[in-house]
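Some notes on the structure that comes next.
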Amino acid sequence: MSIYKACDIRGRFGTELLPQHAEALGHALAVLLPPGSLIVVGGDGRLSTPGLRASVASAMAQGGLRVLDLGTVPTPAFNFARHDLGVVPGVMVTASHNPPDDNGFKIVLGEMPLTEEEMGLLRRSMETSARCERTGGSVTATGVLSRYIGSRCSVEPPCRPLRLVVDGGNGVMGAPAVEALQALGHDVTPLFIDIDPGFPGRGPNPGTPGALEPLSQAVRATEADLGIAFDGDGDRAAFVDERGEPLAPDRAIALFVADALASSPGAAIVYDQKCSRLVPDEVLRCGGEPVAERSGYAFIKTTMIRRRAPYAGELSGHHFFYEVGGDDGLVAAARMARLVADRGPLSTMLAHLPTYATGPELRVPVASGRDATDVLDGLAERLCARYQISRADGVRAEAEHGWGLVRMSVTEPVLTARFEGRSEEELRQVQTDFADIWPALRSHL
């Protein structure tokens, strides 16, 4: 599968993503940006990241760009640095939540996320080996982490101290989050805090089935009020309640929705189209305007900015806050802690939410993009007699009794699928309707 995704670059290091891709990206950006432009570069804790970060920085400097190298930082700290330093463009070397052997590049050219058209322009430049040789380029080490932590501590007002367990997942957000949450007055028990490129604790993706079990055990053992887990680069957050029960991502979104609309009455709230119906239900209950958006960081952030939404949520664990300009796992953690401190146990805050029968997100491998297209076309053609079909992103089929969504992942060669019904029986009916057309789904149900 191509390393060029809709809005970033990502692949298995050494076989798909190679050191020369970093050099090619650096030269492509030097061609695209005006001579002498400042650009920020950061990277996560993966084994291949330092070399890739050095290669892309060196190539940009050869092309006459002035590179500010942040070193090893979470992606939210990279985004903070751009605003703090007054520098718009940047490259973050990370594969986010992908497996340990993967790596990639998140690229920023403007205030809005990279578009598919801009990604296509960079790809063409990289594939044609465009090179730019100019004088005046440089690479300067620039520290930002302490300012990032201080800034994020100031976002939340003081609240009652809690007992927290923070699971860093051996990624780059663990230690900064512990420092920030302790500075806010909380008693923090650390778990998998040290950066380790092998991710021995539980892997870089807290959404993997069973990944939160060590956190759940630690919450119960310490009688903590809340457990918090981050992905590999710290822009996603997942939560465990005081009983050690993982909180479904769309229920976390619903809690942030209510908080956002309490201070921004009537505002638009942007949410991932994969979310349960309980999310738009909660937006309407709180007096807001629900705005569904296709799944994917770039699409949701762009709509949040355009609609000036105080909050946006993605099912994968990205939580976007307008006051910090985007998604930030640390802000999500501090905010959830404040909600628990102010309103009581996390489990009781969810009591009013409707209960739908919602299946987990399923990931079904596909051999090629052509195979994925054939599956989606077949579903749309054969489900339209019983469901209302949307092709905005994959195939979403909705009826009164429930809905299903199948779409191509933007980061991996899989089709992702999610289903919901008003009851368990109706959920099974939706799943069966899809599986009768797409047999490969059946073994994943």
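The values are calculated or read from the model by the stated rules, or taken from the named source; none is laboratory data. It should be emphasised that the depicted structure is a prediction, and the values quoted were computed from it without experimental measurement. Please note: Cβ atoms are built from the backbone with ideal geometry, for glycine as well, and neighbour counts cover all protein chains shown.
Quick notes on this structure:
- Matching residues, the stretch 141-167, being in contact with an Asp or Glu (Cβ under 8 Å, 6 or more places away or on another chain) and of a type in the set (Gly, Ala, Ser): 141, 151
- Checking each residue in the stretch 1-20 for being in contact (Cβ under 8 Å) with a residue 60 or more places away in the chain, β-branched (Val, Ile, Thr) and assigned to a loop (DSSP other than H, G, I, E, B) picks out only 3.
- Scope the stretch 356-397; condition within 30 Å of residue 216 (Cα to Cα) and in contact (Cβ under 8 Å) with a residue 60 or more places away in the chain; matching residues: 356, 357, 358, 359, 360, 361, 362, 363, 364
- Qualifying residue in the stretch 37-49 (condition: buried (at least 22 other Cβ atoms within 10 Å of the Cβ), over 25 Å from the mean Cα position of the chain (by Cα), at pLDDT 95 or above and of a type in the set (A, V, I, L, M, F, W, C)): no
- Of the residues making up the stretch 131-149, those that are in a loop (DSSP other than H, G, I, E, B), surrounded by fewer than 19 Cβ atoms within 10 Å (Cβ to Cβ) and out of contact with any Leu (no Cβ under 6 Å at 6 or more places or on another chain) are 131, 133, 134, 135, 136, 143.
- With respect to (1) basic (Lys, Arg); (2) within 20 Å of residue 155 (Cα to Cα); (3) under 16 Å from the mean Cα position of the chain (by Cα), the lone exception for residue 294 is condition (2).
- Screening 305, 228 for residues that are surrounded by 22 or more Cβ atoms within 10 Å (Cβ to Cβ) and within 17 Å of the chain's Cα centre (by Cα) leaves exactly one candidate, 228.
- One residue from 128, 75 being under 27 Å from residue 15 (Cβ atoms), polar (S, T, N, Q) and crowded, with 22+ Cβ neighbours inside 10 Å: 75
- Residue check for residue 198: closer than 24 Å to residue 350 by Cβ and surrounded by fewer than 18 Cβ atoms within 10 Å (Cβ to Cβ): no
- Reported count of residues in the stretch 40-58, each being of a type in the set (Ser, Thr, Tyr) and assigned to a loop (DSSP other than H, G, I, E, B), is 1.
- For the stretch 150-189, filtered to residues that are among the polar types (S, T, N, Q) and in a loop (DSSP other than H, G, I, E, B), the residue that is surrounded by the fewest Cβ atoms within 10 Å (Cβ to Cβ) is 154.
- Test for residue 410: is it at pLDDT 95 or above, β-branched (Val, Ile, Thr) and under 24 Å from the mean Cα position of the chain (by Cα): no
- One residue stands out in the stretch 360-375 among those that are closer than 18 Å to residue 276 by Cβ and modelled with pLDDT under 90: the one that is surrounded by the fewest Cβ atoms within 10 Å (Cβ to Cβ), namely 360.
- Scope the stretch 410-445; condition assigned to a loop (DSSP other than H, G, I, E, B) and within 21 Å of residue 367 (Cβ to Cβ); matching residues: 410, 411, 412, 413, 438, 445
- Identity of the residue in the stretch 148-185, touching a residue at least 24 places away in the same chain (Cβ under 8 Å) and among the β-branched types (Val, Ile, Thr), that ends up nearest to residue 259 (Cα to Cα): 155
- Residue within the stretch 416-431 that is farther than 23 Å from residue 281 by Cβ, at pLDDT 95 or above, assigned by TED's automatic domain parsing to the domain that holds residue 375 and out of contact with any Cys (no Cβ under 6 Å at 6 or more places or on another chain) present: no
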